[in-house]
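Below: the structure, in C-alpha cells.
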Amino acid sequence: MGYEKQIGIIVPSSGIVTEMLFHRYAPPYIGISTARVKFNHISFQGLSDMLELVGGVAADLCCVEPNIIVFSSIMAGAINGKSITNIVEQSSGTPCITGFYAMLEAIHMLGIKRPAVISPHTEELNLLFKRKMLQNGVRIGNIYQLSHPGIESSIRMMEQICMEDILKSLQNVNLADADALILNTACTQGIDRLKDIESSLGIPVLQGDQVSLWSALRAIHDTTNIPNLGRIFEV
C-alpha cells in the first residue's frame, strides 16, 4: 500500500529516538523517511557547524518526494532557524520546519504566556533559548536544570533521558506561576506519558519531538488526534 503523504525528518547522526516516535505515532497512511546529519557534540559551535552539511542531507530526501521536511533539533533551530529553513528548502524544493518553529507554533496555538522550562543544556544554550523565545514574543519564566551525568554535550547521553528523570527534577520545583512546561529537548524516551504528566501538573507540557510531529501533520493538513501525546493534539 502506498502512502498518501510523506514526512521527511533530519536528525543528528547518532540519534534514533525521534524517528522511532514519528514511526510509532504518525498515521499509517503517512510515510516517514529519515536523513542524518553528522552531529554529536551539543554546543553553540557544534550546532552552528551543522549548517555546512544540511543542504546535502536535505537533497538526499528528495528521492522520497516528502511533502514537508522537519529539522528536529530545537536548539539548532533557535540558533540558525531561518538559515536552516532556507538551505533545506532551496536544496530540496520542499517546505521545512524546525523543532524551534514547531515549539513556537504550539505555544501560540495553546495561548501560552508564561511557560517554565526544564532543560539538559548548558547555561549558555539556555540563555540563548530564552532570548530567542523573547524575540518571538514568548516570555520564559524559570529555566530548571535537568541534571544527568555527561548529558550536556552528547546526543547519545541525551537520549537516555526518560520521563522519570524529568519528574524527579520537578520534585522541588514550584510551577504555580507557570501556565505550561517546556521540555527543551528532543529525543526523550517515554513521551507517551505526556498526557498523564499534564493531568498531574494541571498545565500543558510541550516537548521537541511531540511538537515537531504535531506541526508536520498540520503542515500537510492532517489533524489526527493522538491523545497520549498531550493537549496539543487535542486542539
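The numbers here are math on the coordinates, done by the rules we state, and not lab data. Being a predicted model, the structure only gives us computed values, none of them experimental. Note that each Cβ is placed from the backbone with ideal geometry, even for glycine, and that neighbours are counted across all protein chains shown.
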Task: Contour excess over end-to-end distance, with Cα ends at L127 and Q171 and 0.36 nm allotted per residue - done: 13.5 nm
TODO: Pick out which of S119, S200, S83 has the largest mean-square fluctuation in a Gaussian network model of the chain, springs linking Cα atoms closer than 10 Å.
DONE: S200
Open item on the list: Test of understanding: express the Cα radius of gyration of the range 185-235 as a ratio to 2.2 N^0.38 Å, with N the residue count.
Closed with: 1.08
Open item on the list: Net charge within 12 Å of R36 by Cβ-Cβ distance, Lys/Arg positive one each and Asp/Glu negative one each, not counting R36 itself?
Closed with: -1
TODO: With springs connecting C-alpha atoms under 10 Å apart, model the chain as a Gaussian network and identify which of L183, L167, L206 has the largest mean-square fluctuation.
DONE: L167
- [ ] List the longest stretch of the chain that has no exposed loop site; here a site is one of the trypsin sites (Lys or Arg not before Pro) assigned by DSSP to anything other than H, G, I, E or B, with at most 12 other Cβ within 10 Å.
- [x] 39-138
- [ ] Compute the distribution of all C-alpha to C-alpha distances in the chain, in bins of 10 Å from 0, and list the percent of pairs in each, rounded to whole numbers.
- [x] 8, 36, 39, 16, 2, 0
Task: For T185, distant residues with modelled amide H under 5 Å away - done: G208
- [ ] Show the residues, 5+ positions off or on another chain, whose built amide H is closer than 5 Å to the amide H of A26.
- [x] none
Open item on the list: Net charge around V211, counting only other residues with Cβ within less than 11 Å of its Cβ (Lys, Arg = +1; Asp, Glu = -1)?
Closed with: -1
- [ ] For N136 and Q189, calculate 0.36 nm times their separation in residues minus their Cα-Cα distance, and state this gained length in nm to one decimal.
- [x] 16.3 nm
Task: Among beta bridges that DSSP assigns inside the chain, antiparallel share in %, nearest 5 - done: 5 percent
- [ ] Could you please rank Y101, Y29, placing first whichever residue has the fewest other Cβ atoms within 10 Å of its Cβ?
- [x] Y29, Y101
